[in-house]
Every structure is written in C-alpha cells, then in structure tokens.
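Read-outs throughout are calculated quantities, based only on the coordinates presented, and are distinct from any laboratory measurement. Remember, it's a predicted structure, so these values are computed and weren't measured experimentally. For neighbour counting, all protein chains shown are included, and Cβ atoms are generated from backbone atoms with ideal geometry for every residue, glycine included.
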C-alpha cells in the first residue's frame, strides 16, 4: 500500500479534479449543511473559486477534504480547527515520505 493509498483511506473516494460544484451541490454531495461548508471554507481547509458565497465553485479535491473534516468531527469529536491541523499534518507526512523516497532513489 502506497502513502497515497493510505491517505485515501483517511480522506475517502477520489472525485475528478476538474469537476466544479456549487456550494449547494457540494453541501448535498457531502451531506452537510451549507453553514458547515462555509465554516470549513473560513478555516481555510478548502478554497473555492469565486468572489462571494453565491459564486463559489469547488473542485473535486474539496469533496475529499470536506468529508475528512466531517468524519473527524463525527467520529472523533474534533472541531474544524483540529481537523484542519490533522489534515495538514497528514499531507505534510505524505510529502515528506515522497521526498525521502525520491532522495533514496538519487543515492542508489
């Protein structure tokens, strides 16, 4: 199992990155109230395209990140800020493991 596969276990299914979802669509897709999605955006976990809430468009990767936060809240009682930190640390760990792997190939 690769590091990316391991991270996918925590984050969930893959959604096409070129998919563009409105706030209402991503709310329904993630089964979360619009207000909760707005809170996740305000925490900086996802960054939709668009100037204001009515024009926000979310890429497919946002679904994974939002679902991760929702699972952390539901399963572990972690607040949005804590979930943001956990997600950041998991992504950094994945990046570091990739870096170590690339460095190992340079010295073979």
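Listing 95, 56 from fewest to most neighbouring C-beta atoms within 10 Å gives 95, 56.
Approximating the spin labels as points 7 Å out from Cα along Cα→Cβ, the residue 90-to-residue 42 distance works out to 2.4 nm. Residues 68, 29, ranked from the fewest to the most other C-beta atoms within 10 Å, line up as 29, 68. For the pair residue 35 and residue 20 in one chain, pulling the backbone fully straight at 0.36 nm per residue adds 3.5 nm over the alpha carbon distance. Full extension of the chain segment joining residue 49 with residue 102 gains 15.8 nm, where the gain is 0.36 nm per residue of separation less the Cα-Cα distance.
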